[in-house]
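A single structure is presented below for examination.
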Amino acid sequence: MQFKTIFFDIDETLYPVGSEFVNVFSKRMDQFIDERFAAGELGTAKPDRNQLFKKHGATAKGLALEYGIDTFDFMHYVNDFPINEYLYPDPTVREMILRIPMNRYLLTNADRFHANRVLRALNLSDCFDGMIDSIDLFPEIKPSPFAFEFALRITKQADPKECIFVDDKDYNISAAHEIGFFAVQVGPKRLSEKADAQIGRLIDLPKLGLYQERETANRD
């Protein structure tokens, strides 16, 4: 099988799983909920962020649908910290991505504001042909089949079997596999039984032998 398109998740995929950045970002989300609850904007019972995430696939989506919280206000608040103290460019990852000889897209449950901050911090902004974010997908996001079907339509890729999907979350990997993508899980172990392959770090992607790397890094 010759793959034509590859889709990457962003958080804990383009940078390592367990990054301190994620811990700081999570604390900012908790602070937002605490402040809005204290101000009487979230009803009489404080929302459980973990439950919102499990139910809706993203905290921002859960707050928007269940409490009417403006997603842009939420994301502006939680992103208001110096990202460059936690995320750094890795030239080897950049070169690896640019040597992939196929269309390269981002498929993320984050919004563009957050996604672009991360890409700038990692020096990867110019490495991809496009991005599909939570705003494009709202109200359905990964792991909804709609998210993957939308990604195929927007990138004019008719056959999911010609696509690679790279993500750290087991439920996203399982969903992509069910659609027909070749699903690659990033992280220290294979959490999804439906993962077609697993790598510990993104830099290990070429070792799977799914494509022949370009001799030189290429933005085209």
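The values are calculated or read from the model by the stated rules, or taken from the named source; none is laboratory data. Here the structure is a predicted model, which means the values were calculated and not measured. Ideal geometry is used to build each Cβ from the backbone, glycine not excepted, and the neighbour counts take in all protein chains shown.
For TYR77, only one of the following conditions fails: (1) closer than 26 Å to PHE146 by Cβ; (2) surrounded by fewer than 20 Cβ atoms within 10 Å (Cβ to Cβ). What is its number?
(1)
Would segment 37-59 turn up any residue that is outside the structural domain of ILE199 (by TED's automatic domain parsing), among the aliphatic types (A, V, I, L, M) and under 17 Å from the mean Cα position of the chain (by Cα)?
yes
Kindly evaluate ALA183 against the criterion of being touching a helix residue (DSSP H, G or I) at 6+ places or on another chain (Cβ under 7 Å), buried (at least 21 other Cβ atoms within 10 Å of the Cβ) and more than 23 Å from PRO101 (Cβ to Cβ).
No: the conditions fail for ALA183.
Now a separate question. Output yes when any residue across segment 100-109 is in a helix (DSSP H, G or I), farther than 15 Å from SER134 by Cα and touching a residue at least 60 places away in the same chain (Cβ under 8 Å), and no when none is.
no
Could you tell me how many of the residues in segment 1-40 are within 22 Å of PHE81 (Cβ to Cβ) and either touching a strand residue (DSSP E or B) at 6+ places or on another chain (Cβ under 9 Å) or of a type outside the set (Phe, Trp, Tyr) (or both)?
26
Please note which helices (runs of 4 or more DSSP H) are completely contained in segment 1-80 and include at least 2 residues that are touching a residue at least 12 places away in the same chain (Cβ under 8 Å) and charged (D, E, K, R).
Those helices (runs of 4 or more DSSP H) span 20-38, 59-67.
ILE97 versus (1) at pLDDT below 95; (2) part of a helix (DSSP H, G or I): which is the lone unmet condition?
(1)
So which residues in segment 189-220 are in contact (Cβ under 8 Å) with a residue 60 or more places away in the chain, part of a loop (DSSP other than H, G, I, E, B) and either polar (S, T, N, Q) or in contact with a strand residue (DSSP E or B) (Cβ under 9 Å, 6 or more places away or on another chain) (or both), if there are any at all?
ARG201, LEU210, TYR211, GLN212, THR216, ASN218
Follow-up question, since we're still on this one. Sort through GLY62, GLY40 and tell me the only one that's surrounded by fewer than 16 Cβ atoms within 10 Å (Cβ to Cβ) and of a type in the set (Gly, Ala, Ser).
One residue alone meets the criteria, GLY40.
Inside segment 125-139, can you point out the residues that are assigned to a loop (DSSP other than H, G, I, E, B) and either within 19 Å of PHE72 (Cβ to Cβ) or among the basic types (Lys, Arg) (or both)?
ASP133, PHE138, PRO139
Considering only segment 118-148, state which residues are of a type in the set (Val, Ile, Thr) and buried (at least 20 other Cβ atoms within 10 Å of the Cβ).
VAL118, ILE132, ILE141
Let me ask something else about it. With (1) crowded, with 16+ Cβ neighbours inside 10 Å; (2) assigned to a helix (DSSP H, G or I) as the list, and ASN84 as the residue in question, which single condition is left unmet?
(1)
Return the residues of segment 154-170 that are of a type outside the set (S, T, N, Q) and either modelled with pLDDT under 95 or not in a helix (DSSP H, G or I) (or both); say none if nothing qualifies.
LYS156, ALA158, ASP159, CYS163, ILE164, PHE165, VAL166, ASP167, ASP168, LYS169, ASP170
To continue, here is another question. How many residues does segment 172-193 hold that are modelled with pLDDT of 95 or more and either under 28 Å from GLY18 (Cβ atoms) or of a type in the set (Ser, Thr, Tyr) (or both)?
14
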